[in-house]
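Written out below as structure tokens is the structure these notes cover.
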Amino acid sequence: FFFFFFGRCLFVFLSLVNRMQDGNDGVGGDMSSKGIEKGVITGSSFIGFLPPEGDAKRISSVRYRRMVESILKEPPLYLTSMGEHWAPDVLGFLNNAVRRELQDMYYLVASMQKRVVDLSHDDIDDFYTWFDLFEAFVKAYFAMLEEVFVPWVSEKIPAEGIMAPAAREESRYSILGGIQEIDDCQGRFANLPAGEVLPVLIQALDKCAPKLVGFMADLERVVTPQIQIHFTSLEKAKYDKGLLEWIKGRDDAFFLWHLLIRPFRKNDKEHQELRKRFIESERSIFARLRLRKNYKASQVEIREKHYDIVRQFYRRWTRAATDAAREEEGRVMGASMMVEKRDRVVAKEVDEHDLVVYLEDDEDEAEGNAMKKSPAPMQETRTVVAGIA
């Protein structure tokens, strides 16, 4: 009984000491606030690898950490102010449309990055459905620069620096090459886990997007002041007319125009005027009616194939974030309940130990009192024997 009692007391004592010292064990020697406490054996049960009390909320699931910790680097995508002066509007009209698409691009990729644990083939297919139109628009952007903007501005501004043919070609080649790398990732998603391919896609995006953003910013910084000096608002109106004619001569005219005027709010005066300019560019009333009908149909099509995909990714991310938060809340509550259970078991052991010691003390005291009142039989026997001797 003595060895059993001594072993039980020693075990409880070592368990309590272990709990107090766990803060200095583990990675980096800092487990007091960021760690997992060693298991505590209690009789036949084992409550192991539980977060210390107060730290349960700090331990997160992989899904939840992806949701709250994934950060995608995004270049500055501020839109150029429009309508204040005609000169900045020349390049701002084209560049703002590209920036608006890049904003959606980063949102889509960030949504996939945060949901990479649950990423599906539907997400990849939808992303590349959106991306096909984005890629076509960027190629059309460079075509508009080369075929409309550069010929117009070269009439009065020397083609040097960023406007030099070699410099423009180098920028276009580098940017479109990065976009092609993003396109090439589509095949990899079919054969490899999304968690392995997505970082490659993000790397390609980080390679080309800052170059595209920087190219547009440099154009506005260098060329816009020259436009203001050498051109007039009437000449700018002539340029606008030529740009619209160039766009309407393409098969994707409706899509280009929708994307170009997208940075303007749908109910704003500028948006309504640009829409009207596109439709009323036809002289015949029947041609205008036909153009208006096709314009509305193209609005529905681009919304379904492009804009709605961004909304779907928003809804998917919202659902995933909600589910992850609920899962994390349940996990933390479960961990907290396990911690409370462990503490109750340990406290019960301490109480039982104290009770055993108290009862044993009482038994010793009672036995001592009894011995004082009446001598033990063996003691009496010994006395008798001594008397006989």
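The values are calculated or read from the model by the stated rules, or taken from the named source; none is laboratory data. Quick caveat, the model's predicted, so the values are computed rather than measured. A quick note on method: Cβ atoms are made from the backbone with ideal geometry, for glycine too, and the neighbour counts reach across all protein chains shown. Ligands, DNA and RNA are stripped out before the accessible areas are found, and what is left, the full protein with its side chains, is counted by its heavy atoms. Shrake-Rupley method; radii C 1.70, N 1.55, O 1.52, S 1.80 Å.
Looking at region 108-141, which of its residues are closer than 24 Å to Phe215 by Cα and either open to solvent by 10 Å² or more (accessible area, probe 1.4 Å) or in contact with a Gly (Cβ under 9 Å, 6 or more places away or on another chain) (or both)?
At the first step, the residues of region 108-141 found to be closer than 24 Å to Phe215 by Cα are 108-110, 130-141.
Answer for region 108-141, where residues must be closer than 24 Å to Phe215 by Cα and either open to solvent by 10 Å² or more (accessible area, probe 1.4 Å) or in contact with a Gly (Cβ under 9 Å, 6 or more places away or on another chain) (or both): Ala110, Asp132, Leu133, Glu135, Ala136, Lys139.
Criterion first (in a helix (DSSP H, G or I) and over 13 Å from Val90 (Cα atoms)) does Ala209 satisfy it? Don't jump to the end; show me each part of the working.
Details: in a helix (DSSP H, G or I): yes; over 13 Å from Val90 (Cα atoms): yes.
In short, yes.
With respect to Leu201, is the statement that it is open to solvent by less than 20 Å² (accessible area, probe 1.4 Å), assigned to a helix (DSSP H, G or I) and not basic (Lys, Arg) true?
yes
Can you name the residue in region 65-81 that is of a type in the set (A, V, I, L, M) and loosely packed, with under 15 Cβ neighbours inside 10 Å and, of all such residues, is modelled with the lowest pLDDT?
To start, the set of residues in region 65-81 that are of a type in the set (A, V, I, L, M) comprises 67-68, 71-72, 77, 79.
In the following step, the residues that additionally are loosely packed, with under 15 Cβ neighbours inside 10 Å were identified as 68, 71, 79.
Numbers: Val68: 51, Ile71: 64, Leu79: 94.
Only one residue tops the list, namely Val68.
Among the residues of region 242-292, which ones are among the aliphatic types (A, V, I, L, M) and under 21 Å from Met144 (Cβ atoms)? Lay out the reasoning, then the answer.
Kept after step one, since they are among the aliphatic types (A, V, I, L, M), are these residues of region 242-292: 243-244, 247, 253, 256, 259-261, 274, 279, 285, 287, 289, 291.
Selection gives Leu243, Leu244, Ile247, Ala253, Leu256, Leu259, Leu260, Ile261, Leu274, Ile279, Leu291.
Kindly establish whether Ala110 is in a helix (DSSP H, G or I) and over 15 Å from Leu205 (Cβ atoms). Full working, then the answer.
On the way: in a helix (DSSP H, G or I): yes; over 15 Å from Leu205 (Cβ atoms): no.
Against the criterion (in a helix (DSSP H, G or I) and over 15 Å from Leu205 (Cβ atoms)), Ala110 does not qualify.
Within the group Phe149, Phe127, which residue is under 30 Å from His230 (Cα atoms), in contact with a Leu (Cβ under 8 Å, 6 or more places away or on another chain) and assigned to a helix (DSSP H, G or I)? Walk me through it before giving the result.
Numbers: Phe127 fails: under 30 Å from His230 (Cα atoms).
Residue meeting the stated conditions: Phe149.
List pairs: first in region 226-252 and among the hydroxyl-bearing types (Ser, Thr, Tyr), second in a helix (DSSP H, G or I), Cβ under 7 Å, 6+ apart or cross-chain?
Qualifying pairs under 7 Å: Ser233/Trp86; Tyr239/Val90; Tyr239/Trp152.
Count, please, the residues in region 222-280 that happen to be part of a helix (DSSP H, G or I), among the β-branched types (Val, Ile, Thr) and under 18 Å from Pro88 (Cα atoms). Spell out how you get there, then give the answer.
If we filter region 222-280 for residues that are part of a helix (DSSP H, G or I), which is where we start, we get 222-230, 233-248, 253-261, 269-279.
Right, trim to among the β-branched types (Val, Ile, Thr) and you get 222-224, 227, 229, 247, 261, 279.
Those left that are additionally under 18 Å from Pro88 (Cα atoms): 222-224, 227, 229, 261.
Of the residues in region 222-280, 6 are part of a helix (DSSP H, G or I), among the β-branched types (Val, Ile, Thr) and under 18 Å from Pro88 (Cα atoms).
Looking only at region 179-198, which residues are part of a helix (DSSP H, G or I), over 13 Å from Phe131 (Cβ atoms) and either small (Gly, Ala, Ser) or within 22 Å of the chain's Cα centre (by Cα) (or both)? Reasoning before the result, please.
First, the residues of region 179-198 that are part of a helix (DSSP H, G or I): 179-191, 194-198.
Filter once more, keeping what is over 13 Å from Phe131 (Cβ atoms): 187-188, 190-191, 194-198.
Matches in region 179-198: Gly187, Arg188, Ala190, Ala194, Gly195, Glu196, Val197, Leu198.
I need every pair where a residue in region 311-322 that is over 17 Å from Tyr106 (Cβ atoms) has its Cβ under 6 Å from the Cβ of a residue that is part of a helix (DSSP H, G or I), sequence separation at least 6 or different chains.
Sorted first by the residue in region 311-322, then by its partner, the pairs are Ala321/Met67.
Please pick out the residue among Ala159, Ala166 that is assigned to a loop (DSSP other than H, G, I, E, B) and surrounded by fewer than 15 Cβ atoms within 10 Å (Cβ to Cβ).
Among Ala159, Ala166, only Ala159 is assigned to a loop (DSSP other than H, G, I, E, B) and surrounded by fewer than 15 Cβ atoms within 10 Å (Cβ to Cβ).
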